[in-house]
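Okay, so here's the structure we're looking at.
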Amino acid sequence: MALNPYDTPRGKLRSRVEATRRQFLLLVGAVGALGATLFGGLELLKFMFPAATLEAPPQFKTHFTVDDLTGSGTLKVNVLSDTANRVTVVLDTIGIYAVYLVCTHLGCTPNYVSDVTSGTGVTDTAQTVAKHYNAEGGAISTRNGWACPCHGSRYFIDSTNFYGPAPRPMDWVDISMSPDKFFVVNRAAITVYRQAGDTSVPRWRLDPKTGKSNGATIGV
Ligand code: FES
């Protein structure tokens, strides 16, 4: 009579090991199936209830007016920032423009500084002074611009990059005036886009008296 291989002590042991292995594989399969179901359910829930974005819309009204910027209001400055919305409005001798404060390196928000070359080792040239500073009658009134807090890039007041890893100038965006003289900025409407190495000073401006732009866009 043939001997049942599972009837020996060794066979019984093997049978127990196989049963344990089957149970383990079943357990692994069940855990995997449960995980997949939970993950799928969560994704479905996320799809049904999308997260609301708290980001401000691209077009917004600033909290300052043309009089604040030109000095006929209570403030006497020529640069006003809405850092929450990452926009600075600048008045120069030609008119008004708005710089979108997104560093062209990795997107941090540069800070306004009144001595932009400080600590960079960059020395002013006659061309720099003439092109990029608020100069009156050949004298520099302010060496203002932006300094990026992340990796140290610097930009002149016209948003031209000159130091650090930023590859190109920051963009300018559309700015207009509401009937109550507050500025309205549209960050979705780029008025000046310059490539790497372009140090030309953009000509786009908003006329503070008429509230109309001259339409002189670049690269858009
Ligand atoms: S993000 Fe501005 S220098 Fe890197």
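Within region 164-178, is even one residue in a loop (DSSP other than H, G, I, E, B), over 16 Å from the mean Cα position of the chain (by Cα) and either surrounded by 22 or more Cβ atoms within 10 Å (Cβ to Cβ) or without any contact (Cβ under 8 Å) to a residue 40 or more places away in the chain (or both)? No, that holds for no residue. Within region 14-35, track down each residue that is hydrophobic (A, V, I, L, M, F, W, C) and modelled with pLDDT of 80 or more. PHE24, LEU25, LEU26, LEU27, VAL28, ALA30, VAL31, ALA33, LEU34, listed by residue number. Scanning region 151-163 for residues that are surrounded by fewer than 19 Cβ atoms within 10 Å (Cβ to Cβ) and not in a strand (DSSP E or B) gives HIS151, GLY152. Going by the structure shown, is ARG187 more than 20 Å from ASN78 (Cα to Cα), assigned to a strand (DSSP E or B) and away from the ligand (no atom under 16 Å from the Cβ)? Criteria met by ARG187. Residue-level check: of (1) at pLDDT 95 or above; (2) out of contact with any Asp or Glu (no Cβ under 6 Å at 6 or more places or on another chain); (3) surrounded by 15 or more Cβ atoms within 10 Å (Cβ to Cβ), SER81 misses just (1).
The values are calculated or read from the model by the stated rules, or taken from the named source; none is laboratory data. Computed from a predicted model, the values in this text were never measured in an experiment. Counting neighbours? That spans all protein chains shown, and the Cβs are built from the backbone with ideal geometry, glycine included.
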